[in-house]
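As C-alpha cells, the structure follows; a few thoughts come after it.
Every number here is computed from the coordinates shown, using simple stated rules; none is lab data. If you're wondering where the values come from, they're calculated on a predicted model, not measured in any experiment. With ideal geometry, Cβ positions are generated from the backbone for all residues, glycine too; neighbour counts draw on all protein chains shown.
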C-alpha cells in the first residue's frame, strides 16, 4: 500500500523564508553591487514561486489519494494543512517586494544603454509574468496557486469537510481533485523560471 501523503505547509514555507533570508544576508554582507542585488532578487522570487507551486502540487496529490480520503483522521490533517496554505501570507509580502524591485529594474535609466538591451527585455518579460502570477493567486484573504480557477484548493477543502461529515462521497472528491490537477497550467511558472535564468546570465555578463 502506498504511503499516505504528509504535507507540512509550515515547514515548506519556513524553508523558503530561510532560503530568502540567506539571499538577503548575502547581500548585506557584501559591498553595494547593483547587478548582484538584481540577481539576488531574481533568485529569491524564483524560490518563492517554486515553493508556492510545489506545496500546491503536494496538497492536490493528497486529495488524489484514495487511502487518505478514506481515512478521516488523515483527511482532517490534510484539510488543516490546505487551509494553512490558503491563509498564510508569509510569502506574499516578499513576493510583492521582489516583483516591485524587478519591475523597477526593468525600467530604470541605469539599464538604458544598448549593451543592457537583452537584460532589460528579459526583466520586462519577467515583470509582466510575475504580475500575472500574483493576480492568479487571488487578492482576498484566501490565496494560492490556481485560486482563480472555478475549481481550486478551496473547493477541495470545502468538499473535504463535507466528506468528514458524510455529506459528500470521497470518490467524487477524488474526481474533482484530479480535474483540478489537470486544469492547472504551470506554463506561466515555467516561463518565469526560464526567463529568470536568462536574466541572471545577462546580469552576470553585464559586469564582465
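Structure summary
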| read-out | value |
| --- | --- |
| Matching option when the condition is over 15 Å from the mean Cα position of the chain (by Cα) and farther than 16 Å from residue 43 by Cα, among 200, 204, 109 | 109 |
| Residue satisfying all of: in region 86-95; part of a helix (DSSP H, G or I) and in contact with a helix residue (DSSP H, G or I) (Cβ under 7 Å, 6 or more places away or on another chain); farthest from residue 196 (Cα to Cα) among these | 86 |
